[in-house]
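The values are calculated or read from the model by the stated rules, or taken from the named source; none is laboratory data. Because the structure is predicted, anything quoted here is derived from the model rather than measured. Here the Cβ positions follow ideal geometry from the backbone for every residue, glycine too, while neighbour counts run over all protein chains shown.
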Amino acid sequence: MKFNTKVIHSGVHPDPSTGAIMTPIFQTSTYVQDGPGNHKGFEYARTQNPTRQVLEENLASLENGFGAVCFGSGLAAMDAVIKLLQSGDEVLATNDLYGGSYRQLVRVFGKLGIQSRYIPMQDAADIERQIRPNTRLLWIETPTNPLLNIVDLDAVCTIARNHGLLVCVDNTFASPYLQNPIDFGADLVLHSATKYLGGHSDVVHGAVVAKSRELHEQLKFLQNACGAVPGPMDCFLVLRGIKTLHLRVERACENAIQIASYLEGHPRVSRVLYPGFESHPNHAVAKRQMRGFGAMVSFELKGGQLEDAKRVLAATSLFSCAESLGGVESLIGHPATMTHASIPREERIANGLSDTLIRLSVGVEDAGDLIEDLGQAIGG
Ligand SMILES: *Cc1c(COP(=O)(O)O)cnc(C)c1O
């Protein structure tokens with residue numbers, strides 16, 4: 001089955017009791033058994049829920065994995081992945097990563113004895129040099145957030161295999177429509193389904209797809225044992241969102257190319273970060289491992305002070321100033337004071353995230369309208 005068919009049909013079957021074409025929302029906490037232990041595969045809704053199960057089958061198929069496990073948010077999904085490790089283990093992570101992921105690793109798992117280090121991952125040879133005896137997991141975001149660097153998945157997964165490390169790729173920015181990390185050797189793929197999968201900014205949800213039966217079983221155990229499960233309504237909303245994933249991401253990518261090109265030629269813009277440009281340092285890698293270049297675009301203003309960036313954010317009308325990304329509507333954000341405020345300033349600047357960087361999540365509106373809105377906000 002091709003991707004555009006999978007989004008609609010994988011794991012989805014008409015409800016056997018009514019023929020309902022849409023997966024019902026099984027809003028129940030428990031299931032009646034004919035006698036103790038004599039049940040239909042469903043005992044208690046933390047452990048199993050039919051709506052969630054359909055979504056998990058669908059996601060596993062979209063990411064070419066063995067199985068998927070859903071959670072109440074992307075960070076709850078990450079929490080389960082890190083709990084595959086033990087005290088004393090180390091996580092080696094992309095330095096330019098989602099602020100909440102950084103916060104969880106440092107402030108929650110750090111004090112439980114799981115260490116983490118943050119390095120640029122554009123140079124595979126350097127990653128290999130950084131591996132220590134207790135390194136156990138490589139945590140990768142690509143494209144990175146918000147600098148839109150690209151990590152070579154094939155190269156990194158080869159190194160990980162040679163050193164017996166697990167690789168988890170946070171695939172939130174690309175979505176499974178543009179990139180399938182398991183095809184390059186990743187063990188685990190994480191999604192904040194809050195973003196492109198849900199796609200309509202109306203649900204918070206997360207998922208992990210595992211390459212192997214063994215990892216899937218360990219994650220199912222953690223899902224049940226720790227209990228950060230999503231509600232059935234949220235699973236339904238993500239399932240519904242996924243049905244148009246290919247259409248939305250396709251259009252958003254087309255809009256992003258036009259917007260990135262417009263900004264590149266704007267006299268008040270000093271730098272546009274977008275992996276679709278041939279001048280982007282990792283363009284060739286992006287072309288190899290992605291089916292499109294994504295709908296995230298970051299840029300900096302010429303000679304910009306923090307105040308200049310803030311003025312642009314306050315002046316757009318179609319682009320809403322908000323955290324998050326991946327919805328049908330376009331958003332504009334200021335990582336330094338919003339999504340990445342939890343990363344200390346020195347560390348942020350050292351990683352190349354300036355005070356004036358502006359991040360766009362391009363939606364599926366009319367590209368001309370979006371460009372006009374940015375133009376009047378940037379001025380000049
Ligand atoms: C939003 C986001 C997360 C966290 O997901 P939540 O659903 O908000 O918990 C993790 N990684 C990336 C790249 C994100 O954008």
Q) Within the bounds of the range 252-261, is there any residue that is in contact with a Lys or Arg (Cβ under 6 Å, 6 or more places away or on another chain), surrounded by fewer than 23 Cβ atoms within 10 Å (Cβ to Cβ) and either of a type outside the set (Val, Ile, Thr) or in contact (Cβ under 8 Å) with a residue 24 or more places away in the chain (or both)? A) no
Q: Check the range 213-235 and report whether any residue there is within 13 Å of the ligand (Cβ to nearest atom), modelled with pLDDT of 95 or more, among the aliphatic types (A, V, I, L, M) and closer than 23 Å to Gln179 by Cα.
A: no
Q.
I want to confirm something. Restricting to the range 180-197 and keeping residues that are in contact with a strand residue (DSSP E or B) (Cβ under 9 Å, 6 or more places away or on another chain) and part of a loop (DSSP other than H, G, I, E, B), which single residue is farthest from the ligand (Cβ to nearest atom)?
A. Gly185
Q) Any residue at all in the range 153-165 that is in contact (Cβ under 8 Å) with a residue 40 or more places away in the chain, within 16 Å of the ligand (Cβ to nearest atom) and not in a strand (DSSP E or B)? A) yes
**Q.** Failed item in (1) away from the ligand (no atom under 16 Å from the Cβ); (2) part of a helix (DSSP H, G or I); (3) in contact (Cβ under 8 Å) with a residue 12 or more places away in the chain, with Tyr177 passing the rest
**A.** (1)
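So that you can scan it fast, the table gives a plain yes or no per residue for (1) out of contact with any Leu (no Cβ under 8 Å at 6 or more places or on another chain); (2) within 16 Å of the ligand (Cβ to nearest atom):
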residue: Ala20; (1), (2): yes, no
residue: Gly37; (1), (2): yes, no
residue: Arg46; (1), (2): yes, no
residue: Thr94; (1), (2): yes, yes
residue: Lys111; (1), (2): yes, no
residue: Tyr118; (1), (2): no, yes
**Q.** Given (1) within 16 Å of the ligand (Cβ to nearest atom); (2) within 18 Å of Tyr274 (Cβ to Cβ), index of the condition Ile358 fails
**A.** (1)
Q: Determine whether Phe26 is crowded, with 22+ Cβ neighbours inside 10 Å, touching a residue at least 60 places away in the same chain (Cβ under 8 Å), assigned by TED's automatic domain parsing to the domain that holds His163 and not β-branched (Val, Ile, Thr).
A: no
(Q) Checking the conditions here, which among Arg107, Arg103, Arg46, Arg52 is modelled with pLDDT under 95, basic (Lys, Arg) and assigned by TED's automatic domain parsing to the domain that holds His205? (A) Arg103
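Residues of the range 50-66 being of a type in the set (D, E, K, R) and either more than 19 Å from Asp187 (Cβ to Cβ) or in contact with a Pro (Cβ under 6 Å, 6 or more places away or on another chain) (or both), which ones?
Of everything in the range 50-66, those that are of a type in the set (D, E, K, R) and either more than 19 Å from Asp187 (Cβ to Cβ) or in contact with a Pro (Cβ under 6 Å, 6 or more places away or on another chain) (or both) turn out to be Arg52, Glu57, Glu63.
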